[in-house]
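Please read the structure below before turning to the comments.
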Amino acid sequence: MIWRQTLTPAYLVLKDALGHFVNDDGYAMASHVALSALLAVFPLLIFIAALAGFMGFNDAADRASNLVFDAWPENVAKPLVDEIHRVLTVPRGDLLTFGAVAALWFASNGVEAMRAALNRAYRQQERRSFIILRLQSLGLVILGSVVLIAYTFLVVLAPLAINALVSWMPAVEDFLVTIDVARYSIAGSLLTFGLVFTHWILPSGDRRFRDLLPGVVATLVMWMVAGAVFGAYLAKFANYVTTYGGLAGVMSAVVFLYICALVFILGGELNASLIRLRKIASN
């Protein structure tokens, strides 16, 4: 039957992906990625603040933090955003201060955690030089910071310019609607591009673009579902305050990041299983 011919390969892929995830300590790796990501958030935004100050965009880090946490459940994001805004009230105009350099280094640790998780997911043994890998991680943090600053311009600052232009030249309003759609499309595609780039460059080995798409699409879908479900759970059932007191906001963020890390690693496992079974079928 056709449905059996369709379900059998899907079952084999899922069985291989989930089996390898469990056997290779996927849950422990998700904890590592989640904690590293949480520890990297503040240094990353501190570095963005320094970089933005150097470029003349003094409030870009505040805007970037709002945009980064926009996709998070409100109960999870609000405590972190409030703390981040308090941290970023300290002026950080000099890009070459020890604090900014240290923030860059600690933020790169989050990249290294994702690299370790993806190497396990893709069944790869890392053989590249530690120095090369660390330089790559530092470069990715800098690139990501520049992209986030550009993101704040596309999503937040551009409407101000568009409204000013429309008030001055009302005839261009219809044309600007197209630009507005394109602007949000570009901003929305940054996450997809970041995931594809991460799966391509971080783990060892070579992979084609088409090998990466299934896991990236699955990750995006599972992230959206997980965010909606976890947000509803926090709103209706969970009461972290009675359990963790003042740490409730941090603990809900850790749990949410753990779920996101699980999904992120499972996306790599899915890609690796598809690659492996495709090779078996071709032999």
Label-point separation in nm, Leu39 to Ser204, each point 7 Å along Cα→Cβ: 2.3 nm
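Provide Ser129, Ser137 in ascending order of the number of other Cβ atoms located within 10 Å of each residue's Cβ, fewest first.
Ser129, Ser137
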Could you list Ser282, Ser189, Ser36 in order of exposure, starting from the residue whose Cβ has the fewest other Cβ atoms within 10 Å? Ser282, Ser189, Ser36
Neighbouring Cβ atoms within 10 Å as the yardstick, rank Tyr27, Tyr258, Tyr11 fewest first. Tyr11, Tyr27, Tyr258
List, in order, the whole-Hz ³J(HN,Hα) value for each residue of the stretch 17-26 obtained from phi through the Karplus relation with A = 6.51, B = -1.76, C = 1.60 and θ = phi - 60°; use x for Gly and Pro. 5, 5, x, 5, 4, 5, 5, 9, 6, x
Report the label-to-label distance for Glu74 and Phe197 in nanometres (one decimal), using points 7 Å from each Cα along the Cα→Cβ vector. 3.2 nm
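What FRET efficiency, computed as 1/(1 + (r/R0)^6) with R0 = 45 Å and r the Cβ-Cβ distance, is obtained for Trp105 and Lys15, rounded to the nearest 0.05?
0.65
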Cross-link partners among lysines for Lys279, C-alpha distance below 19 Å, same-chain residues fewer than 8 apart left out? Lys15
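Readers should treat all values here as calculations from the given coordinates under stated rules, not as data from a laboratory. Here the structure is a predicted model, which is why all the values come from computation and not from measurement. For neighbour counting, all protein chains shown are included, and Cβ atoms are generated from backbone atoms with ideal geometry for every residue, glycine included.
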